[in-house]
Number of protein chains: 2
Amino acid sequence: MSDWAIVLAGGAGTRFWPASRVARPKQLLPLASSEPLLAATVHRMAPIVAPERVVVVTGAHLLDATRAVVPEVPAENFLAEPVPRNTAPAIAWATAEIARRDPDALCMVLPSDHFIAKPDAYIAAVKTALDGARRGYLTTLGIKPSRPETGFGYIEVGKEIAPHVNEAARFVEKPSLEVAQKYVASGNFLWNAGMFFYAAKAMNEALAEHLPDVASKAVECLQASALGRVFPTMQSISIDHGVMEKAKRVAVVPGDFGWSDVGSWQSSWELADKDDAGNAAPEGAIVIDGKNNLVWDRTGSGRTYALVGVSDLVVVETEDAVLIVPRERAQDVRLAVERLKSAGSKRV
Amino acid sequence: MSDWAIVLAGGAGTRFWPASRVARPKQLLPLASSEPLLAATVHRMAPIVAPERVVVVTGAHLLDATRAVVPEVPAENFLAEPVPRNTAPAIAWATAEIARRDPDALCMVLPSDHFIAKPDAYIAAVKTALDGARRGYLTTLGIKPSRPETGFGYIEVGKEIAPHVNEAARFVEKPSLEVAQKYVASGNFLWNAGMFFYAAKAMNEALAEHLPDVASKAVECLQASALGRVFPTMQSISIDHGVMEKAKRVAVVPGDFGWSDVGSWQSSWELADKDDAGNAAPEGAIVIDGKNNLVWDRTGSGRTYALVGVSDLVVVETEDAVLIVPRERAQDVRLAVERLKSAGSKRV
């Protein structure tokens, strides 16, 4: 049973505008360290998955840019979706492709746009999750929650199956703050970080049972001639809704490895190297009477930044756009993107 | 008696960093309208002074950049100071040069880095000041104060000499706030805006009396071969201290023509075209939940600015430097420049 990684790299999003664009989404950007999130995702798996067994699913329009970020992954391991159809079709297609090459494969599904501060602890948790997968469970990693986050799904931990492997009693969608607070207090709920570990055969059986149309179309999509016609007809549904919530043998492995979904510029600031005043800024920047600012410059101009008397600010500079927003309003970047879209701007 | 203008364009300064630099001082920048302040200074005099009678005094290191801004002024009308020596030597030299060409000249000394919103009212005041000059007075324009500014000198208005022309009873240096408040309340004090009007003969007599060394060296400097040797030996002193405060026949003409010394980015914001929310920003900029911001972009990149949830901010972008500072702290730009200087930065 060889281990294969399916890296989901088709994401779009506006929360990192102006760094992120339709043609340059979050996973292709170095938002948490010096390498793009996608590259970091592949590199941190290196101890257990060689690049030859990494399959990257991305959008057709992102294919070239995605390949450029992980050139060590063979060209035939990139699966280009003609249109986005959420995670279930992507995972079904990639799993079918891996099963074609290696019917006894163990697969791990990995988001490409998260950050992990403790890669060794992560690899240890992944190995445990692969144990669960070997036992026939659709296994997920659950993150010990550090706050009552309402933006994530939660997984209720059930009875123990093996050391550090528990049944997943329940998948819960994004809860209210009140419910999230109860979950965190209970100690029995983990964040769903969208990482899944399974034997290809087990997932294919679960897909056949719960998403039979997706399952059969995924196999059709192995024929290049069918892809453009069939893929767009697949149901757009997440693997969580489509399979994990319904499948019988589902397990969860608790993990604590400095995970972040890098959800906004606020996260990027949290993860950045900062000076004593909490400022993360390009080399040579001057900050006077200011703290906890993030200056993120991708202009390549090596410009000198001077911040005088400003704090808790995010400043993002690219060649054709500049964003200035308080850290606590980092999520509102989408308002600017919406405004630009409705104004017909190409810079989104 | 022909009218000549002496435009003082040798100023340096740090308050408009990063737009202003040692090699690109304030007067060469479009800080209050679409044309550089120096160009606006020359253009607004056009109704009464042809470019052939405009003499521009600047620093040798600024000569080329200064000529480029007012190409209509003949090359032989630029006087390049080898070193800065404050206003008295500059004015003495320019007055000597004009007197050499036109012994009966009437001169007007004009700072090159101020803004005037009402050019017609200004020209009317200038004509009145020239009346004073024709009567043999060293005449200055005094600005009706709109606030108890402690950064300007004041002129006490004395008895009337002619319609709208009064004796200047007293020149006062930058006062304390308490004193400034009294001055404004009295209605009898005007701001000294550094504009002077005089017959070349009258100024030369006053210089000979109060600054005899400067007066004789200024004449020596008419010989190009003497300039580099003699000019640096002149006393560095302002015309206010050196002559105006001491001379006997000194007049003041009150003026109210929308004058601004364009003293900081705050002034630049005040003078800029703004939208309904008080934002002055490049075309295409988006401001969401923000008001009274100034975005000043000289990168020439036509970038899209998005400000979300920030107000009262100054953002200045050049090709090699970026400044972000609250409007009310605009004066503190000098702190950043000092820091850069001590760090050995070339970007000052």
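Considering the conditions (1) among the small types (G, A, S); (2) in contact with a Phe, Trp or Tyr (Cβ under 7 Å, 6 or more places away or on another chain); (3) part of a helix (DSSP H, G or I), B:A65 is excluded by exactly one of them, (2).
Looking at (1) more than 10 Å from every other protein chain (Cβ to nearest Cβ); (2) modelled with pLDDT of 95 or more; (3) in a loop (DSSP other than H, G, I, E, B), which is the only condition A:G300 fails? Going through the list (1) more than 10 Å from every other protein chain (Cβ to nearest Cβ); (2) modelled with pLDDT of 95 or more; (3) in a loop (DSSP other than H, G, I, E, B), A:G300 breaks only (2).
Of A:V316, A:V325, which residue is under 21 Å from B:D297 (Cβ atoms), in a strand (DSSP E or B) and touching a Gly at 6+ places or on another chain (Cβ under 7 Å)?
Working: A:V316 fails: touching a Gly at 6+ places or on another chain (Cβ under 7 Å).
The match here is A:V325.
Among the residues of this structure, B:V295 counts as one that is more than 7 Å from every other protein chain (Cβ to nearest Cβ), buried (at least 21 other Cβ atoms within 10 Å of the Cβ), touching a Pro at 6+ places or on another chain (Cβ under 9 Å) and not polar (S, T, N, Q). Can A:E270 be described as outside the structural domain of A:P163 (by TED's automatic domain parsing) and under 28 Å from A:N188 (Cβ atoms)? When the stated conditions are applied, A:E270 passes them. Checked against the criterion of being surrounded by fewer than 19 Cβ atoms within 10 Å (Cβ to Cβ), closer than 30 Å to A:F171 by Cα, away from every other protein chain (no Cβ under 14 Å) and of a type in the set (A, V, I, L, M), segment A:208-217 has at least one qualifying residue.
Just a yes or no: is a residue in segment B:33-45 among the small types (G, A, S), assigned to a loop (DSSP other than H, G, I, E, B), buried (at least 19 other Cβ atoms within 10 Å of the Cβ) and at pLDDT below 95? Scanning segment B:33-45, I find no residue that is among the small types (G, A, S), assigned to a loop (DSSP other than H, G, I, E, B), buried (at least 19 other Cβ atoms within 10 Å of the Cβ) and at pLDDT below 95, so the answer is no. Any chance segment A:60-70 includes a residue that's of a type in the set (G, A, S) and under 22 Å from A:S33 (Cβ atoms)? Yes, segment A:60-70 has at least one match. Residues that are within 9 Å of chain B (Cβ to nearest Cβ) and more than 19 Å from B:P282 (Cα to Cα) within segment A:315-329 comprise A:P326, A:E328, A:R329, listed in sequence order. Filtering segment B:296-312 for residues that are touching a Lys or Arg at 6+ places or on another chain (Cβ under 9 Å), touching a residue at least 24 places away in the same chain (Cβ under 8 Å), over 16 Å from A:V314 (Cβ atoms) and not aliphatic (A, V, I, L, M) leaves an empty set.
Just the residues that are crowded, with 17+ Cβ neighbours inside 10 Å and part of a loop (DSSP other than H, G, I, E, B), please, taken from segment A:239-250. Walk me through it before giving the result.
Looking only at segment A:239-250, we keep the residues that are crowded, with 17+ Cβ neighbours inside 10 Å, and these are A:239-245, A:247, A:249-250.
Of everything in segment A:239-250, those that are crowded, with 17+ Cβ neighbours inside 10 Å and part of a loop (DSSP other than H, G, I, E, B) turn out to be A:E245, A:A247, A:R249.
Taken residue by residue, segment B:237-244 has at least one member that is within 23 Å of the chain's Cα centre (by Cα), modelled with pLDDT of 95 or more and of a type in the set (S, T, Y).
Exactly one residue out of A:R85, A:R100 is of a type in the set (K, R) and farther than 22 Å from A:K26 by Cβ: that is A:R100. Restricting to segment A:30-39, name every residue that is under 16 Å from A:D64 (Cα atoms) and either free of Cβ contacts under 8 Å to residues at least 60 places away in the same chain or within 14 Å of chain B (Cβ to nearest Cβ) (or both). Result: A:P36, A:A39. Counting residues in segment B:269-281 that are farther than 28 Å from B:R44 by Cα and in contact with a Lys or Arg (Cβ under 8 Å, 6 or more places away or on another chain) gives one or more.
Considering only segment A:186-227, how many residues are among the polar types (S, T, N, Q), part of a helix (DSSP H, G or I) and touching a residue at least 40 places away in the same chain (Cβ under 8 Å)? Reasoning before the result, please.
Keep residues of segment A:186-227 that are among the polar types (S, T, N, Q), which gives A:186, A:188, A:192, A:204, A:216, A:223, A:225.
Checking which are part of a helix (DSSP H, G or I) leaves us with A:186, A:204, A:216, A:225.
In the following step, the residues that additionally are touching a residue at least 40 places away in the same chain (Cβ under 8 Å) were identified as A:204.
Selection size over segment A:186-227: 1.
Please work out which residue is nearest to the other protein chains (Cβ to nearest Cβ), limiting yourself to segment A:333-344 and to residues that are part of a helix (DSSP H, G or I) and surrounded by fewer than 17 Cβ atoms within 10 Å (Cβ to Cβ).
Among those residues, the one meeting the criterion is A:R339.
Looking only at residues of segment B:11-29 that are within 11 Å of B:D113 (Cα to Cα) and modelled with pLDDT of 95 or more, we find that the one that is farthest from the other protein chains (Cβ to nearest Cβ) is B:Q27.
For segment B:80-102, state whether one or more residues are at positive phi and out of contact with any helix residue (DSSP H, G or I) (no Cβ under 7 Å at 6 or more places or on another chain). Yes, that holds for at least one residue. Output the residues belonging to segment A:150-163 that are under 22 Å from the mean Cα position of the chain (by Cα), within 20 Å of A:A121 (Cβ to Cβ) and not in a strand (DSSP E or B). The answer is A:F152, and nothing else. Residues in segment A:46-62 that are under 17 Å from A:L8 (Cβ atoms) and assigned to a helix (DSSP H, G or I) were compared, and the one that is nearest to the chain's Cα centre (by Cα) is A:L62.
Which of the residues that make up segment B:98-113 are under 21 Å from the mean Cα position of the chain (by Cα) and not in a strand (DSSP E or B)?
B:I98, B:S112, B:D113
The listed residues are B:T87, B:T66, B:T58, B:T14, and the only one of them that is buried (at least 16 other Cβ atoms within 10 Å of the Cβ), out of contact with any strand residue (DSSP E or B) (no Cβ under 6 Å at 6 or more places or on another chain), polar (S, T, N, Q) and more than 19 Å from B:Q266 (Cα to Cα) turns out to be B:T87. Just one of the listed residues (A:P254, A:P282) is buried (at least 16 other Cβ atoms within 10 Å of the Cβ) and part of a loop (DSSP other than H, G, I, E, B), namely A:P282. Out of the residues in segment B:133-178 meeting the condition of being over 18 Å from B:I239 (Cα atoms), in contact (Cβ under 8 Å) with a residue 24 or more places away in the chain and among the charged types (D, E, K, R), tell me which one is surrounded by the most Cβ atoms within 10 Å (Cβ to Cβ). The extreme case among them is B:E149.
Condition check: modelled with pLDDT of 95 or more, touching a Phe, Trp or Tyr at 6+ places or on another chain (Cβ under 9 Å) and of a type in the set (A, V, I, L, M). Does B:V250 satisfy that? Judged against the criteria, B:V250 is a match. From the list B:A272, B:A306, B:A280, B:A285, the one residue that fits, being away from every other protein chain (no Cβ under 14 Å), under 24 Å from A:S342 (Cα atoms) and hydrophobic (A, V, I, L, M, F, W, C), is B:A280.
The values are calculated or read from the model by the stated rules, or taken from the named source; none is laboratory data. In this text the structure is predicted, and so the values were computed from the model without any measurement. Note: ideal-geometry Cβ built from the backbone for every residue, glycine included; neighbour counts use all protein chains shown.
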